[in-house]
1. Taking the options Pro59, Pro49, name whichever one is under 14 Å from the mean Cα position of the chain (by Cα), part of a loop (DSSP other than H, G, I, E, B) and either under 17 Å from Leu31 (Cα atoms) or basic (Lys, Arg) (or both).
2. Of the conditions (1) more than 20 Å from Asn137 (Cα to Cα); (2) at pLDDT 95 or above; (3) crowded, with 19+ Cβ neighbours inside 10 Å; (4) not aromatic (Phe, Trp, Tyr), Gly54 clears all except one; give me its number.
3. Can you tell me which residue in the stretch 22-47 is farthest from Val149 (Cα to Cα), limited to those that are among the small types (Gly, Ala, Ser) and modelled with pLDDT under 95?
4. Please verify whether the stretch 86-98 includes one or more residues that are assigned to a helix (DSSP H, G or I), modelled with pLDDT under 95 and farther than 24 Å from Arg124 by Cβ.
5. Kindly list, by first and then second residue, each pair from a residue in the stretch 101-124 that is under 15 Å from Val12 (Cβ atoms) to a residue that is among the β-branched types (Val, Ile, Thr) and modelled with pLDDT under 95, limited to pairs with Cβ atoms under 7 Å and residues at least 6 apart or on different chains.
6. Can you find, within the stretch 109-133, the residue that is modelled with the highest pLDDT among those that are surrounded by fewer than 21 Cβ atoms within 10 Å (Cβ to Cβ) and assigned to a loop (DSSP other than H, G, I, E, B)?
7. Among the residues of the stretch 58-78, is there at least one that is out of contact with any Pro (no Cβ under 8 Å at 6 or more places or on another chain), of a type outside the set (A, V, I, L, M), farther than 18 Å from Ala143 by Cα and at pLDDT below 95?
8. Taking Val149 as the residue in question, decide whether it is over 24 Å from Gly21 (Cβ atoms), β-branched (Val, Ile, Thr) and in contact with a helix residue (DSSP H, G or I) (Cβ under 7 Å, 6 or more places away or on another chain).
Amino acid sequence: MSSSVPLFDDIVMPGGPLRLGKFDCDARRALFAAVRLARQTSWDNLRSPHIFMGLLDDPDASIQAWGKRLKADLPKLLEQFIELFQGEASETVRLQLHREFLSDTVLRMLRDAWNRCRERGNTRITTLDLLVSLFANNSSVVADCFERVGLTAATLVEVAREIEASNPSDPA
């Protein structure tokens with residue numbers, strides 16, 4: 001862990017569990033869905049596609065508005081990502097929201113979401129914080145998938161920011 005991040009302010013607690021209190025209800029629900037979908041697709045760790053799938057699984061109003069603005073069929077998009085990201089784990093792993101089970105990309109993305117949340121003056125990470133951080137990450141497999149169909153990460157982030165600006169949430 002970076003020495004510049006105070007232990008009490010990091011997204012991960014000492015010992016490894018995520019600080020779920022830093023996420024709003026919808027973002028927590030998306031994280032739990034991401035874990036479930038990672039298990040369902042036979043992965044033994046949580047990767048960025050799972051976070052995206054978790055956001056799509058039971059999308060809150062902000063994610064629905066993002067999808068609508070992009071003219072995306074979110075349930076179909078979720079199906080496609082589930083199909084595309086089938087893993088090959090051979091044994092059942094007790095995957096959980098713990099540092100041990102987070103890819104480096106996901107950990108960096110969650111920390112970026114926390115920083116973004118604080119920069120906006122909020123105390124809880126939202127689903128749009130997660131979404132923007134996911135697409136702002138240069139090594140996002142999810143962004144690469146969208147690039148292949150002509151949607152740049154910058155476009156996806158801009159749409160999320162427009163949704164956020166049109167429906168400012170109250171700081172939690």
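The values are calculated or read from the model by the stated rules, or taken from the named source; none is laboratory data. Keep in mind that this is a model prediction, so the values were computed, not measured. Don't worry about glycine lacking a Cβ; one is built from the backbone with ideal geometry, like all the others, and counts go over all protein chains shown.
1. Of the residues listed, the single one that is under 14 Å from the mean Cα position of the chain (by Cα), part of a loop (DSSP other than H, G, I, E, B) and either under 17 Å from Leu31 (Cα atoms) or basic (Lys, Arg) (or both) is Pro59.
2. With (1) more than 20 Å from Asn137 (Cα to Cα); (2) at pLDDT 95 or above; (3) crowded, with 19+ Cβ neighbours inside 10 Å; (4) not aromatic (Phe, Trp, Tyr) applied to Gly54, the lone miss is (1).
3. Of the residues in the stretch 22-47, the ones among the small types (Gly, Ala, Ser) are 27, 30, 33-34, 38, 42.
Filter again for modelled with pLDDT under 95, leaving 38, 42.
Numbers: Ala38: 24, Ser42: 26 Å.
Restricting to residues being among the small types (Gly, Ala, Ser) and modelled with pLDDT under 95, the top hit is Ser42.
4. no
5. Within 7 Å, the pairs are Leu110/Ile11; Arg111/Ile11; Trp114/Ile11.
6. Taking the candidates together, the pick is Arg124.
7. yes
8. For Val149, the condition - over 24 Å from Gly21 (Cβ atoms), β-branched (Val, Ile, Thr) and in contact with a helix residue (DSSP H, G or I) (Cβ under 7 Å, 6 or more places away or on another chain) - is not met.
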